[in-house]
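Report on the structure given below.
All of the numbers you see were taken from the coordinates with simple rules; none came from a lab. Not measured: the values here are computed from a predicted model. Please note: Cβ atoms are built from the backbone with ideal geometry, for glycine as well, and neighbour counts cover all protein chains shown.
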Amino acid sequence: MLRHLVLGESAFLQWRHCKSSKLLSCNFVSCPDHERELLRETRTVSTRQVCKVMLDHFDKQYGKELGPIWPSARAVLLNPSCWQYGIMLNRFACVTDLKQQLQGQGFRSLLPHTGPCTASCLIPPKPPWTYFLQTHQSFTETSQGYADISHPPNSLSDSLPKPVASSLPNHSPSLQCFIHPSPVRYPSPPHRLGQLKHYYLLNAASLLPVLALGVQDGDRVLDLCSAPGGKALAIIQTATPALLCCNEVDPQRCDWLSKTLESFIPQSLSSTITVSSLDGRSFGRRQPGCYDKVLVDAPCSNDRSWLFSRGGEQQSCRRLKERVQLPTLQAELLRSALGAVRPGGVVVYSTCTLSCSENQEVVEAVLNSCPGAELDNLVEELVLPLQEHFTFAPPCSHNASLSHTLSGNTHMHGILVVPQPGQTWGPMFLSRFKRIH
């Protein structure tokens, strides 16, 4: 079983081998059981009910903040049957056969191959949002004025420049994620007693904060808001840190996090990974300068799930009240992370919402109050190499002025992945800070 930290007590992640302990795994087998689970998951996403209160709120806010990008993003968010899923392989399990089967079914690797830089690396193409602004009106408009993707056009990547021969800095070939151009439903890994799971299903955009973090072997890493654990798993796929502290303040989510880590990580790494349940806002004070890299995947108004709230109008109204208070919490968590990282260290802030108040405005507020931090530009490092797979929103001001394109003088507070037909990844916002002193 997995032992986690409570109230700051130091302990390492441990497994107790007993008859009741269950390490989970998956061996992919094409069989009737696989097909039945596939059908069940497809039915689940297609029967969700949209919450009108939340949709009306999103229409008002995002129509103003995102302008012409919102109608097609709205259509994707309202149609779960078109959502794509990434399959992140577990490097601690034998996945050779699974990898071959995925490739045979039309899946392809999300991450470009690493290799020496060629001359073409030195001449980056135009930013992808330049082409988006020229092509977004090609979506069919309905009578309500929103994009109709019941018969979606080809992926936006068809109208984008083909990526140059580039590689992602800090990308480890051990991090493997496969995606499919269609919304193929892949089953969740089944449980296998005494074995590790072979893969983890995720929104592929959630790997971007991990790539931006750039974890190296021997780093001391803090995942400040770690549950349910997908990004922690991605971190341990990229490198072998000296320490990975996975923190989650909510007890139920912390238990979920622990079980997720148990299911994917071997006992040999038990001295490397810790799980804590502290208030994330306390790390900057409790452990100042203790970490090389800190990830703040902050609590946010998750656009995908909030659109399908089950509590009806009452729960939606309660969530909208909570939403107003989130930026304060997010800024406090980010400031705590900057206090916990050493001078010269890196902090990545991310959310899974399109909301400017939880993204750019939080980053701006923290920059104004933390003179010892500076912002990194992620365009050349992430946007250009991955523009084939993701739709990145144009750099914009808070009033959604989308007419300008990136220039050397443009100040960006982060990058935003917006779900679009054929590229349904996101929402995902991320921004990277470097502590300079």
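For this structure, a couple of remarks:
- Distant-in-sequence amide contacts of residue 219, defined by a placed amide H-H separation under 5 Å and a gap of 5 or more residues or a different chain, comprise 242.
- Dimensionless Rg ratio for segment 230-272, taking C-alpha atoms and the 2.2 N^0.38 Å reference: 1.13
- Positive minus negative residues near residue 289 (Lys, Arg vs Asp, Glu; Cβ under 9 Å): +2
- Using alpha carbons only: equivalent-ellipsoid semi-axes of segment 280-376, gyration tensor based, whole Å: 29, 13, 11
- Under a 5 Å amide H cut-off, with hydrogens placed 1.01 Å from N, residue 184 pairs with 85 among residues at least 5 apart or on other chains.
- Length-normalised contact order of segment 303-380 in % [C-alpha pairs under 8 Å, at least 6 apart]: 31 percent
- Theoretical FRET efficiency, 1/(1+(r/R0)^6), r = Cβ-Cβ of residue 310 and residue 103, R0 45 Å, to 0.05: 0.75
- Net charge contributed by nearby residues that have their C-beta within less than 12 Å of residue 356 (K/R +1, D/E -1): -3
- Exceeding the 32 Å Cα-Cα cut-off - candidates 60/293; 64/197; 197/293; 60/434; 99/231: 60/293; 64/197; 60/434
- Other residues within the sphere of radius under 12 Å centred on the Cβ of residue 220, judged by their own Cβ, net out at -2 (K and R +1, D and E -1).
- Two-site FRET efficiency, residue 285 against residue 83, from Cβ-Cβ distance with R₀ of 56 Å, rounded to 0.05: 0.90
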